[in-house]
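Read through the structure below, which is laid out as structure tokens, and then see the notes.
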């Protein structure tokens, strides 16, 4: 079942007096439960593609469909609600809110959006995610008291807390050592299998690309490879 | 605690140095505003006791200046060049009886104002004085803050002068000789009738509850003496002067006066003379009352001073309705140039506060904008995670209001401490102007609760205005900034 589809998507950024074409007519589909790597060198358009899928940026032309619905014409409020309900984000620099502790950072998305969870239910769910990412001992610690790997685990838990169908991870291992990076990817893969959450991550690390079930390779804003290695989680 | 308040509070703590910079500025502004307001309140109270309780009353009624837009005060017409004589109040009796019928009125009295050069016989020195011509049977009822320290008040129909203790001291200094009750003063007046001389005895010395030297420039006399010195008719029905006496009153040069064997005259001799022809001075004031003589002003003391504004408006409406060319005004109109100096101080203070507020807004705004720029990644992340724009706006609003209110309260506490210290030091007023400002000879500040409330509201207003631009900047931060933060 297709959860995301890009149809002839282009993105042009003005850069002074010239325009830079970051994405040049990209089209592909992503299945529900996919564990997909968007690979390519720096400047190939990986992050731009993730931004467009995550509805935090809009295409210059073309269509981005999430669960069969085009994101074009949505208001800022509607896009924000769509992000909250459907998409979880894992950032390269972790992007934890510095003044909130581990528990509060993970809880944050639950406090946004229209649908609110009861406090006891929320606590139980956040705590279970803290256990899932192995941070029980760090529950009340602030981000600056955590290592890079621990911060990224918090970010993963936060990305999953609103039970999104899609998790976008922009170079999630770029700021981690290789061992920690592998652990993070393994954790993401485990969650992908258990919860059937679609994971889309950008990377230029060949080892990590090898773990993906589906690889889309970009060069200069164009898709040069679209290879499925394994069936999506839930379809096996 | 809601997450946005938690984030706002913790951000303030996290960025402590910035919070303290903004907060210190706010606290300083609050101190200046509270102390300034306190000074104005003090001046206001001082002015009340100095002017309303001592010589203006609550409402003052005068004739209208011939020059449009020029005001008339108890000190005359403030026209450019000061060459217009003070207009007489028309239909005095009708206005006075209308005022006395009003149950809000405590007392009503007429007054004339003149100026005179005062000396003692055989003394070459002179001192300038304002002369208030009053009816001694009514006038003291209006100003009960004045009390006798020597001699007695004027009696009805008596010629004489009552001076203040300060006036006496000033006169002694200027005349270089002791001046006491019973001394006969020579007063040279210059009014529309020309140059006049009167001899009047000091019958009493008064003092005031208000500590001020402003009153030391004024002496109180019987009305007829001031009328003669100012060239106003003495009493339309009662006084009919001989040709010689009229010529003497109308004297325009020293030769006219001193050329004759009789150098001075008094009102009694003026009254005793009874030639049939009317005085030319009478003709100069045709609109003046015949029953009570001519008056420049009517002073009204209300039972409740707070009704002065409404009473003034109603009186003006009545005067207009009756077609009487007179105008009612409050103490500020009566005090004229003295009140204007207070108004100037007030305007200067408010302009200073406005400039301070603008500077505060700019500094707070600038600091908040820097804070927003530093936090674009955080804002972008919140937006990416599902925070709507109102969440971001409220977060900055809570931060700004918290900082302004907390430091506003600190500023008020410091201002209270400063008021206490200033009152302990007992700063003396250096001159008459600062006496008006201080409301007495020593600065004694008092702070009203309303001053706190208005200052806090103003500070909150500054906070609200300051946060607008940074919030606009924050709301423009796109969620994609989350991806770009390092």
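Each reported figure results from applying straightforward, stated rules to the coordinates on display, with no laboratory input. Small disclaimer: the values here were computed from a predicted structure and weren't measured. Virtual Cβ from ideal backbone geometry, glycine too; neighbours counted across all protein chains shown.
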Reciprocal of mean inverse Cα separation for segment B:322-467 (Kirkwood radius, Å): 19.4 Å
Tail beyond 27 Å, pair distance distribution of segment B:1-127 (Cα, percent): 58 percent
By DSSP, what percent of the beta bridges with both residues in the protein assembly as shown are antiparallel, rounded to the nearest 5? 70 percent
How much length, in nm to one decimal, is gained on full extension between residue B:427 and residue B:450, taken as 0.36 nm per residue of separation minus their Cα-Cα distance? 5.8 nm
Zero-based 10 Å bins, Cα pair distances in chain A, whole percents: 8, 32, 37, 20, 4, 0
Most exposed first, judged by fewest Cβ atoms within 10 angstrom, B:422, B:31 run B:422, B:31
To the nearest 0.05, the calculated FRET efficiency linking residue A:8 and residue A:228 through their beta-carbon distance, R0 being 22 Å, is 0.55
Under the 0.36 nm per residue contour assumption, what length would be gained going from the current alpha-carbon distance of residue B:405 and residue B:354 to full extension? 16.5 nm
Given points 7 Å out from each Cα along the Cα-Cβ axis, report the residue A:122 to residue B:149 separation in nanometres with one decimal. 7.4 nm
Shielding by partners for A:103-110, please: the mean number of other protein chain Cβ atoms within 10 Å of each residue's Cβ. 3
Stokes-Einstein translational diffusion, the protein assembly as shown - Kirkwood Rh over all Cα pairs, 0.692 mPa s, 37 °C, in µm²/s: 100 µm²/s
Counting DSSP beta bridges with both partners in chain A, what percentage is antiparallel, nearest 5? 55 percent
If r is the Cβ-Cβ distance from residue B:322 to residue B:156 and R0 is 41 Å, what FRET efficiency results, to the nearest 0.05? 0.90
In terms of the Cα gyration tensor, with a ≥ b ≥ c the square roots of its eigenvalues, is segment A:172-236 rounded because a/c is under 1.5, prolate because a/b exceeds b/c, or oblate? oblate
Can you sort A:13, B:139 by how many other beta carbons sit within 10 Å, fewest first? A:13, B:139
So for B:450, B:458, fewest C-beta neighbours within 10 Å to most, what's the order? B:450, B:458
Listed peptides B:375-381, B:3-9, A:204-210, A:70-76 by packing density, highest first (mean Cβ within 10 Å): B:375-381, B:3-9, A:204-210, A:70-76
Classify segment B:293-394 as rounded, prolate or oblate from the Cα gyration tensor: take a ≥ b ≥ c as the square roots of its eigenvalues, call it rounded if a/c is under 1.5, otherwise prolate when a/b beats b/c and oblate if not. prolate
Along Cα→Cβ, 7 Å out, is where each label goes; now give me the distance between the ones at residue A:140 and residue B:442 in nm to one decimal. 5.7 nm
